[in-house]
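This report concerns only the one structure given below.
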């Protein structure tokens, strides 16, 4: 019973954090896109979000103060980026899934996503 209560608590905290993030979605959308593309890293020394490549290499991202205010950890930011990042357009239409018996074949789904 304790594990169920803890799971609910964790889920509610993640939902609340995503809800707070949603208020700033327009400002953070470029941040999520950069994170999903692998163009951002977290500096170990300062904990700031910095650009990895190009002319902006090692410079602090413009949205860094907002992201650090909303998200307690880089893991929380990565979770939000996974939820809110715009998915890339698929190269081709995926094949339809076979008729299911109520269970999901995770390996088949992963193969189609790749």
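In the set (1) at pLDDT below 85; (2) part of a helix (DSSP H, G or I), residue 68 fails one condition alone, (1). Name the residues in the stretch 69-85 that are touching a strand residue (DSSP E or B) at 6+ places or on another chain (Cβ under 8 Å) and over 18 Å from residue 26 (Cβ atoms), would you? Passing the criteria: only 74.
Counting the residues of the stretch 53-65 that are closer than 19 Å to residue 83 by Cα and not in a helix (DSSP H, G or I) gives 1. Is there any pair with a first residue in the stretch 10-29 that is under 11 Å from residue 84 (Cα atoms) and a second that is modelled with pLDDT under 80 and part of a helix (DSSP H, G or I) whose Cβ atoms are under 7 Å apart and which are 6 or more apart or on different chains, and what are they? Partner pairs satisfying both residue conditions: 28/21. In summary, residue 50 fulfils each of the numbered conditions (1) closer than 14 Å to residue 83 by Cα; (2) touching a strand residue (DSSP E or B) at 6+ places or on another chain (Cβ under 8 Å) with the single exception of condition (1). Here is the figure for the stretch 19-43: residues that are modelled with pLDDT under 80, surrounded by fewer than 15 Cβ atoms within 10 Å (Cβ to Cβ) and within 17 Å of residue 78 (Cβ to Cβ) total 2.
If you go through the stretch 44-74 and keep only what is surrounded by 12 or more Cβ atoms within 10 Å (Cβ to Cβ) and either on the phi > 0 side of the Ramachandran plot or touching a residue at least 24 places away in the same chain (Cβ under 8 Å) (or both), you end up with 49, 61, 63, 66, 67, 70, 71, 74. Specify the residue that is modelled with the lowest pLDDT; the eligible residues are those in the stretch 79-89 that are crowded, with 16+ Cβ neighbours inside 10 Å and assigned to a helix (DSSP H, G or I). Among residues in the stretch 79-89 that are crowded, with 16+ Cβ neighbours inside 10 Å and assigned to a helix (DSSP H, G or I), the one modelled with the lowest pLDDT is 84.
The values are calculated or read from the model by the stated rules, or taken from the named source; none is laboratory data. Computed from a predicted structure; not experimentally measured. Here the Cβ is made from the backbone with ideal geometry for all residues, glycine too, and neighbour counts use every protein chain on show.
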